[in-house]
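Q: Questions regarding the structure given below will be posed in turn.
A short reminder: the numbers here are calculations on the coordinates, not readings from a lab. Here the structure is a predicted model, which means the values were calculated and not measured. Counting neighbours? That spans all protein chains shown, and the Cβs are built from the backbone with ideal geometry, glycine included.
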Amino acid sequence: MLRILWADPQHTAEHLALWSVKRFAGRATAAVEKIQRSQRAAEPDVMQRIVVERQTRVSMTEGAVVGGPFIVLIPVAFCAALLAQAQMVLELAALAGHAPGDEMRAADLLVLQRAYPSQERAQAALGGVRRDLDRRRDAKLPRGTRWLTVKRMALLLGVLGSEEQRPSLIRTVLQWIFLVLVFVIGLVLPLIWVPYMAVAMRRSSLDIGNRGARFYALPRNSNAGAAVHAAPTVHVPIFGTVLRSLFLIVMPIAVAGIALAFGVRLGSGKWLTAGLLFIVVSAVITAAWLGYRWWRRRARPSADVR
């Protein structure tokens, strides 16, 4: 996905929408069937909350983990969060009885991301992207165009406003100043990005989740832009995600650092030992967390989709 966006950053939103419908339709259908089996007596808004909570947690985790020492991979975090949000929208559509694989879902996603104000304009844009794809593959992009990939993903996530309602020049300048300050501080204290990215992904995912729940609560022939009815309230706590991400990041680094400080050697050198310990501790902690998640789902079948 990043390769496609890098080659054609002007149409970031459209490519994300088309790719998500093509790749995630089957996954969304399976996820919804799993929810419906485990929540047979639940009201529709309860199942909507489950969908929004689950994909919000995915986005928060992606952002928090990449927000550690790997902040240079921030485009990966943005892309992963947008794809999680796209799957959320497809699952909400499936819950409402719509086919996730229908190309209309791509237009729905663009409207919900506020990339376009109506389904008609979104469909027209998607048609243009399909028609011009072969020509753009060989076209030379103007200088400075590719940095728009990250900027457009930030707009779609609401980090810098939105595609439809862009902030004023003053607000944009202040936002960039704040981001630069956080980035500079993060060079000295890298883990400051963990809560920052988790909060940003949480806010963005809950926003599009609530819009999607309102949108698919309407009759099937309703206008997308008119979705104003109340959506189920979703609360996803952030403290646990941040603490968990910090633990997953800090513990392997701490063990490797202690090994270096005390000169622990398991073979040819202390640096090799520290590297091996970092990998092993990371693997053990990750396996323990996945095992805990599996045990919790087995112990509480009704919550297995969480």
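Q: May I ask you to sort Phe247, Phe215, Phe262, Phe78 by Cβ crowding, counting other Cβ atoms within 10 Å and putting the fewest first?
A: Ranking Phe247, Phe215, Phe262, Phe78 by Cβ neighbours within 10 Å, fewest first, gives Phe262, Phe247, Phe215, Phe78.
Q: Met251 to Glu120: extension gain in nm, 0.36 nm per residue of separation minus the Cα-Cα distance?
A: 42.1 nm
Q: Right, another one. Provide the FRET efficiency to the nearest 0.05 for the Phe262-Ala288 pair, computing r from the beta carbons and using R0 = 25 Å.
A: Efficiency, from the Cβ-Cβ distance: 0.55.
Q: Given labels modelled 7 Å from the Cα in the Cβ direction, how far is it in nm from Trp6 to Arg131?
A: Spacing of the two 7 Å Cα→Cβ label points: 3.0 nm.
Q: Expected output is a single nm value to one decimal: the length gained when fully extending between Glu103 and Lys270, i.e. 0.36 nm times separation in residues minus the C-alpha distance. What is it?
A: So the chain would gain 54.6 nm between Glu103 and Lys270.
Q: Which shape class, rounded, prolate or oblate, goes with the stretch 78-120 when its Cα gyration tensor gives a ≥ b ≥ c as root eigenvalues, a/c under 1.5 marks rounded, and past that a/b bigger than b/c marks prolate?
A: Oblate.
Q: Continuing with this model, one more query. What is the sum of charges around Leu277, taking Lys and Arg as +1, Asp and Glu as -1, for the other residues whose C-beta is under 13 Å from the C-beta of Leu277?
A: +2
Q: Report the trypsin sites (Lys or Arg not before Pro) located in the stretch 1-102 that are in a DSSP loop and have at most 16 other Cβ atoms inside 10 Å of their Cβ, or state none.
A: Arg40
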